[in-house]
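Trainee: I'd like to ask you about the structure that follows.
Every read-out reported here was derived from the displayed coordinates using simple, explicitly stated rules and does not represent laboratory data. Just so we're clear, the structure is a prediction, and the values are computed from it rather than from any experiment. Here the Cβ is made from the backbone with ideal geometry for all residues, glycine too, and neighbour counts use every protein chain on show.
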Amino acid sequence: MRRRAREIAFKALFEQMGGGVTLDEAWRHALELEEQALDEETRDFAKRLIEGYLAERDQVDRALKETIRGWTFSQMNQTDLTVLRLATYEALYLDTPFEPLIEVAVRIAKRYGGEDSGRFVNGVLARLLERIRSGELQAVPRLG
């Protein structure tokens, strides 16, 4: 459920940020592309990711800029940047365990990005996780 929600959120945010369309238009388009009906929980989680990122955009982007080495946002593959933005929002503001979050982000990057997207996203999120675990970045507590 959450894996599918993350992919839908990625598609909608990617289109909205790069396609000159409103978030509502991008959201409707992402839902239209789905081959199977979505349950309410999946749809709600996808919407929560998008709206959460947009609400915390400045903090999420600052965390990413401080974590990514050797690249600016304008130099990056926009697919990778969109995946990283959603995953960073989730890592900082939701209590999702890190390992499955990184795994799904890497899969989405590999599916929609370039040849090195999975490796790049994995590296950035691993550094982000180090910063969170060291206390350099504040994140919501995890269970367990």
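Trainee: Can you spot a residue in region 99-108 that is outside any helix (DSSP H, G or I) and without any contact (Cβ under 8 Å) to a residue 60 or more places away in the chain?
Mentor: Scanning region 99-108, I find no residue that is outside any helix (DSSP H, G or I) and without any contact (Cβ under 8 Å) to a residue 60 or more places away in the chain, so the answer is no.
Trainee: Take the residues of region 2-41 that are of a type in the set (Asp, Glu) and more than 15 Å from the chain's Cα centre (by Cα): which is nearest to residue 95 (Cα to Cα)?
Mentor: 41
Trainee: Kindly indicate whether residue 47 is within 14 Å of the chain's Cα centre (by Cα), among the basic types (Lys, Arg) and part of a helix (DSSP H, G or I).
Mentor: Criteria met by residue 47.
Trainee: Only residues in region 4-16 that are part of a helix (DSSP H, G or I) count as the first member; pair them with residues that are crowded, with 20+ Cβ neighbours inside 10 Å and of a type in the set (D, E, K, R), Cβ under 9 angstrom, at least 6 apart or cross-chain, and list the lot.
Mentor: The qualifying pairs are 6/90; 13/85.
Trainee: Here is a follow-up. So in region 112-142, with the set limited to residues that are in a helix (DSSP H, G or I) and free of Cβ contacts under 8 Å to residues at least 40 places away in the same chain, which one is nearest to residue 59 (Cα to Cα)?
Mentor: 129
Trainee: So if I check each of 36, 75, which one is under 21 Å from residue 2 (Cβ atoms), without any contact (Cβ under 8 Å) to a residue 24 or more places away in the chain and surrounded by fewer than 18 Cβ atoms within 10 Å (Cβ to Cβ)?
Mentor: The unique qualifying residue is 36.
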